[in-house]
1. Collect the residues in the range 230-272 that are open to solvent by 40 Å² or more (accessible area, probe 1.4 Å) and closer than 19 Å to Tyr345 by Cα, keeping them in residue-number order.
2. Being in contact with a helix residue (DSSP H, G or I) (Cβ under 7 Å, 6 or more places away or on another chain) and either open to solvent by less than 50 Å² (accessible area, probe 1.4 Å) or outside any loop (DSSP other than H, G, I, E, B) (or both) is the filter here, so list the residues in the range 192-218 that pass it.
3. When both residues are 6+ apart or on different chains and their Cβ atoms are under 6 Å apart, which pairs have a first residue that lies in the range 239-263 and is among the hydroxyl-bearing types (Ser, Thr, Tyr) and assigned to a helix (DSSP H, G or I), and a second that is at pLDDT 95 or above and crowded, with 24+ Cβ neighbours inside 10 Å?
4. Between a residue in the range 343-360 that is of a type in the set (Val, Ile, Thr) and any residue that is assigned to a loop (DSSP other than H, G, I, E, B) and surrounded by fewer than 19 Cβ atoms within 10 Å (Cβ to Cβ), which pairs come within a Cβ distance under 9 Å, given they are 6 or more apart or on different chains?
5. Could you pull out the residue among Gln204, Gln153 that is closer than 25 Å to Val38 by Cβ and out of contact with any Phe, Trp or Tyr (no Cβ under 6 Å at 6 or more places or on another chain)?
6. Which of the residues spanning the range 319-368 are hydrophobic (A, V, I, L, M, F, W, C), more than 30 Å from Cys122 (Cβ to Cβ) and open to solvent by 50 Å² or more (accessible area, probe 1.4 Å)?
7. Could you list, in sequence order, all residues of the range 162-178 that are open to solvent by 30 Å² or more (accessible area, probe 1.4 Å) and closer than 14 Å to Asp131 by Cα?
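The values are calculated or read from the model by the stated rules, or taken from the named source; none is laboratory data. All values reported here derive from a predicted model rather than from experimental measurement. Note that we place each Cβ from the backbone using ideal geometry, even for glycine, and neighbour counts take in every protein chain shown. Areas reflect the complete protein model, heavy atoms only, side chains present, ligands, DNA and RNA absent. Shrake-Rupley method; radii C 1.70, N 1.55, O 1.52, S 1.80 Å.
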Amino acid sequence: MHSLTEEQTDLVEMVRDYARTALAPHALEWDRDHFFPVETIKQAGELGFGGIYVAEERGGAGLTRSDAALIFEELAQGDVTIAAYISIHNMVAWMIDAYGDASQQARWVPALASMQHLGSYCLTEPDAGSDAAALATRAVRDGDDYVLTGTKQFISGAGATDVLVVMARTGAAGPSGITAFIVDAHADGIHYGELERKMGWNAQPTRAVTFDGVRVPAVDRLGAEGEGFGIAMSALNGGRLNIAACSIGGAQWALDRAAKHITERRAFGAPLSQQQSLVFTIADMETELQAARLLLRSAAHSLDTGHPDLIAHCAMAKRFATDIAFTAANAALQLHGGYGYLAEYGIEKVVRDLRVHQILEGSNEIMKLIIGRSVLGRVA
């Protein structure tokens, strides 16, 4: 199940070439300058990375979640931050492709799949992060429109994107009162906050988004009223796999450089690679990343085949891969000694970028709740 097909091998080579030529040479500069490389991202759209698992008839690549895991691992070896944004964009495109009606699919999806339009996913709020069902943003029906009021927090790409998928409350408290909407990011009444100052992910903008009586045509409601929470959670299953893949890719990049560094760096008259403790560290990093990769591919297979436990499988892959990858990247920094702490080597950037992966798409503590409840549910 885990060996690559010839088509997947060719796909990996294509993505690797893009990551090495279009992303990697600029990653440190983009991070330093807090620059969101929209034109470079649109080049990814030309290669089919804007709608990886969107239907081909709507401009997507029509690939599997297993294929997507391979793509995001390679993209992250070029730039973790940009790979992670492309993951979020794909989530938006897929939600409209999967849950939209024919008119919505025709209107919104092709431009997202080509990345001529970029997307943002608006779920988290200042007082509703892990407890997404507690969100307070409201949408009130008024004739042929809904009037949207509230604030979203930590929105990736906000202020630089064209399409927002917004979760808002149309009914009572709890998940059954939440509805999804497709919103033009330039609509009247939308206000974007200042750029957040972050530990990492500096090459993609993160802002609060405030909706001040924004009128959204009822035809842009995604699914029926009350279906939004289920739509959001189904999107997060794939998002968790993608962010796991981004983590593995970033950590693999750091591991490769750490192995090269201890081979070339000499201390006490011999290469560092002759110190057994450092070799053991490399061995642990490699073993754990391989284990994370296999768990990710297994979870992607579960999502592709509709396995009954796919939610728990995606949570396990996300929790394990993001924890292991951050640990591995941090170990790579340690193996570089003082050089690892310098921006020009890129290792400290990967450490900073990977840290947030343990929080977003559902914190790893929430992943443990999902996994644990799944196990307990089998014996109830």
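1. Trp253, Asp256, Arg257, Lys260, Thr263, Glu264, Arg265, Arg266
2. Result: Gly200, Trp201, Asn202, Ala203, Gln204.
3. Ser247/Ala321; Ser247/Thr322; Ser247/Ala325; Ser247/Leu354; Ser247/His357
4. Going by the 9 Å Cβ cut-off, the qualifying pairs are Val356/Lys198; Val356/Met199; Ile359/Gly129.
5. None of the other options fit; the residue is Gln153.
6. From the range 319-368, those hydrophobic (A, V, I, L, M, F, W, C) are 320-321, 324-326, 328-329, 331-333, 335, 342-343, 347, 350-351, 354, 356, 359-360, 366-367; that's our starting set.
Checking the rest, the ones that are also more than 30 Å from Cys122 (Cβ to Cβ) come to 328, 331-333, 335, 342-343, 347.
Within the range 319-368, Leu342, Ala343 qualify.
7. Within the range 162-178, Ala173, Pro175, Ser176 qualify.
Per-residue answers, yes or no, for (1) more than 18 Å from Ala69 (Cα to Cα); (2) touching a residue at least 24 places away in the same chain (Cβ under 8 Å); (3) in contact with a Gly (Cβ under 7 Å, 6 or more places away or on another chain); (4) not hydroxyl-bearing (Ser, Thr, Tyr):
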{"site": "Met285", "(1), (2), (3), (4)": "yes, yes, no, yes"}
{"site": "Glu288", "(1), (2), (3), (4)": "no, yes, no, yes"}
{"site": "Ala291", "(1), (2), (3), (4)": "no, yes, no, yes"}
{"site": "His301", "(1), (2), (3), (4)": "no, yes, no, yes"}
{"site": "Asp304", "(1), (2), (3), (4)": "no, yes, no, yes"}
{"site": "Pro308", "(1), (2), (3), (4)": "yes, no, no, yes"}
{"site": "Cys314", "(1), (2), (3), (4)": "no, yes, no, yes"}
{"site": "Asp323", "(1), (2), (3), (4)": "no, yes, no, yes"}
{"site": "Ala328", "(1), (2), (3), (4)": "yes, yes, no, yes"}
